[in-house]
Amino acid sequence: MRTTDHVAAAGLRVVVLGGTGYLGRHIGKAFLADGAQVHLVSRNPAEDGPEDPRPVRMDLLTAGPAELTAFFASLGPDVVVNAAGRAWRADEAEMTAGNADLVLRVTESLVGLPRPPRLIQLGTVHEYGAGTQGAGTPEEQEPAPVTPYGRTKLLGTQAVLRASADHGLDGVVLRLANVIGAGAPTGSLFGMVAAHLGAAARAESLGEKPDELRLPPLRAHRDVVDLHDAVDAVRAAATAPAADVSGQVVNIGRGEAVPMDALIHRMVELSGVDLPVVETVPDQPTRTDAQWQQLDVSRALRLLGWQPRRTLDASLRDLLAAAVPAPVNGRK
């Protein structure tokens, strides 16, 4: 990330939708540390201390365009980051409401403001669908999502791009790889494994035998990006020149496809827990994800001055430190 980005963010008024979620809360704290005025919007905001970002209570799924327009007008933001949405434990209708319909209402509200802010929409690698083995997927590739999550997130991306093309909205979509770091939701593969390892470590400390880790076959290769790197990409997008990023999709990932079986076994190794990993064959297939995900991230470097910096082990250690008791915190 450009070294001056944190300085440029000082004094910005930033609104983070989904501000208490996995990404949203970290994005809010990063902007606050940069000296920005931050408002975290969610249905159930946490009442934190005075030094934390300002919580704002709003049910984004039920708020109409008029309510949203009045809300944004009252805050006068320079930047709106949409980190809201539905990924796990939701059906396609619920995902459509959170990932597509909400984005459409947000764009309609922002273009009606006298001084529309920059909108940073957090998209996903799952919008692309199948990648080409051995190659990175560029932003020019026609998306062909194969999951409800990917399909509904693509609708959100399209809403932002239409508003930029038709109404001049200063909107940019960051198409994120699978984000890994402390506090990953337990509905995700990484979060679920970390939670299981935490329970296993506690069982071991009590002299009990931990339950084996049972997972579906781990044959996929995924592009993953560190949580802190993803946050830095949002910060860079907030201060990049509009001529560079408005109306653009920008891939944010490591730019490599990581075998999931190796990554999960590395998690177990780093945890220090003696735990067998058993791959099971489900009675019926439960996922239809693309088996190869690798992003071409050259545009992010060119437009944002951003590139991934943290190692996979650093990401895994952060994830485990938040879920597994010591000694993982000091383990080399």
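The values are calculated or read from the model by the stated rules, or taken from the named source; none is laboratory data. Keep in mind it's a predicted model, so treat the numbers as computed, not measured. Every residue, glycine as well, gets a Cβ built from its backbone with ideal geometry; the counts of neighbours run over all protein chains shown. The accessibility values were calculated without ligands, DNA or RNA, using every heavy atom of the protein model including side chains. Shrake-Rupley method; radii C 1.70, N 1.55, O 1.52, S 1.80 Å.
Quick look at the numbers
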item: Relative packing of 173-179, 142-148, 271-277, 293-299, which averages over residues the other C-beta atoms within 10 Å, highest first; result: 173-179, 293-299, 271-277, 142-148
item: Cα gyration tensor shape of the range 5-122, rounded if a/c is under 1.5, else prolate or oblate by comparing a/b with b/c; result: oblate
item: Relative contact order %, the range 180-258, counting alpha carbon pairs below 8 Å whose residues are six or more apart; result: 31
item: Surface accessible to a 1.4 Å probe, per residue, for the residues of the chain, Å²; result: 44
item: Contour minus Cα-Cα distance for Glu92 and Gln307 (0.36 nm per residue); result: 74.1 nm
item: Förster radius 41 Å - calculated FRET efficiency between Arg202 and Val146 (Cβ-Cβ, nearest 0.05); result: 0.65
item: Rg and Dmax of the chain, Cα atoms only, in Å; result: 19.9, 64
item: Spacing of the two label points (7 Å from each Cα toward its C-beta) at Ala165 and Ala10, in nm; result: 4.0
item: Mean Cβ neighbour count within 10 Å, used as a protection proxy, ranking 202-209, 227-234 highest first; result: 227-234, 202-209
item: Efficiency of FRET between Thr132 and His265 - r from beta-carbon atoms, R0 35 angstrom, step 0.05; result: 0.85
